[in-house]
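The values are calculated or read from the model by the stated rules, or taken from the named source; none is laboratory data. In this text, all values refer to a predicted model and were calculated from it rather than measured experimentally. Cβ sites come from the backbone with ideal geometry, for glycine too, and all protein chains shown count toward neighbours.
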Amino acid sequence: MYRPGMTGIVQRDEAIKAGAEGSITVAVLGRKLVIPPDNKSIAELAPKENARLRSALEPNDKDLIIIGFGKDPGRALAGALAAVLSLQNA
């Protein structure tokens with residue numbers, strides 16, 4: 001769940017520690033998908049990806065979407081999971 005002040009940096013760091021090359025944290029604020037901490041709109045930055053995420057995930061207000069990435073899909077997945085688990089400690 002999104003909390004004001006979240007930056008996504010802790011999640012990125014945990015994803016990298018777990019073997020991913022990085023991660024992106026996307027928050028749902030109202031009806032918008034945004035990238036914390038400055039809450040840039042995904043619809044403005046990447047309209048096609050905004051539509052794909054909305055269609056595939058049907059997110060609700062204050063949801064978080066964490067996307068791990070890297071050359072190895074297994075490591076990217078491990079990184080995304082580590083990033084999600086880091087939210088328990090936040």
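Which residues, taken from the range 1-22, are surrounded by 15 or more Cβ atoms within 10 Å (Cβ to Cβ), assigned to a helix (DSSP H, G or I) and not β-branched (Val, Ile, Thr)?
Passing the criteria: Gln11, Arg12, Asp13, Glu14, Ala15.
In the range 23-54, what residues are farther than 23 Å from Leu81 by Cβ and polar (S, T, N, Q)?
Asn39, Ser41, Asn50 - these are the residues of the range 23-54 that are farther than 23 Å from Leu81 by Cβ and polar (S, T, N, Q).
Identify all residues within the range 48-90 that are small (Gly, Ala, Ser) and in contact with a Phe, Trp or Tyr (Cβ under 9 Å, 6 or more places away or on another chain); write none if there are none.
Ala76, Gly79, Ala80
Using the structure shown, decide if Arg75 is modelled with pLDDT under 95 and either buried (at least 19 other Cβ atoms within 10 Å of the Cβ) or over 14 Å from the mean Cα position of the chain (by Cα) (or both). It would help to see each step written out before you state the result.
Values: modelled with pLDDT under 95: no; either buried (at least 19 other Cβ atoms within 10 Å of the Cβ) or over 14 Å from the mean Cα position of the chain (by Cα) (or both): yes.
No, not satisfied.
Specify the residue that is nearest to the chain's Cα centre (by Cα); the eligible residues are those in the range 58-72 that are part of a loop (DSSP other than H, G, I, E, B) and closer than 23 Å to Val10 by Cα. Step through it out loud before you land on a result.
Here is the first cut: in the range 58-72, the residues part of a loop (DSSP other than H, G, I, E, B) are 58-63, 70-72.
Filter once more, so that each one left must be closer than 23 Å to Val10 by Cα: 59-63, 70-72.
On the way: Pro59: 12, Asn60: 14, Asp61: 14, Lys62: 12, Asp63: 10, Gly70: 14, Lys71: 18, Asp72: 18 Å.
This residue is Asp63.
Which members of the range 55-73 meet the condition of being free of Cβ contacts under 8 Å to residues at least 40 places away in the same chain and more than 20 Å from Arg3 (Cα to Cα)?
If the condition is that a residue be free of Cβ contacts under 8 Å to residues at least 40 places away in the same chain and more than 20 Å from Arg3 (Cα to Cα), then Ser55, Ala56, Pro73 are the ones that fit.
Looking only at the range 29-57, filter to residues that are outside any strand (DSSP E or B) and of a type in the set (A, V, I, L, M, F, W, C); which one of those is surrounded by the fewest Cβ atoms within 10 Å (Cβ to Cβ)? Steps first, answer last, please.
Restricting attention to the range 29-57, the residues satisfying the condition of being outside any strand (DSSP E or B) are 30-31, 36-39, 42-57.
Retained after the next criterion (residues that are of a type in the set (A, V, I, L, M, F, W, C)): 42-43, 45-46, 51, 53, 56-57.
Details: Ile42: 23, Ala43: 15, Leu45: 12, Ala46: 14, Ala51: 13, Leu53: 18, Ala56: 9, Leu57: 13.
That would be Ala56.
If you go through the range 49-90, how many residues are over 12 Å from Ala18 (Cα atoms) and among the hydrophobic types (A, V, I, L, M, F, W, C)?
10
Given the conditions (1) in contact (Cβ under 8 Å) with a residue 12 or more places away in the chain; (2) assigned to a loop (DSSP other than H, G, I, E, B), report the number of the one that Leu85 does not fulfil.
Of the numbered conditions (1) in contact (Cβ under 8 Å) with a residue 12 or more places away in the chain; (2) assigned to a loop (DSSP other than H, G, I, E, B), the odd one out for Leu85 is (2).
If you go through the range 31-47 one residue at a time, do you hit one that is among the aliphatic types (A, V, I, L, M), in contact with a Phe, Trp or Tyr (Cβ under 8 Å, 6 or more places away or on another chain) and in contact (Cβ under 8 Å) with a residue 24 or more places away in the chain?
no
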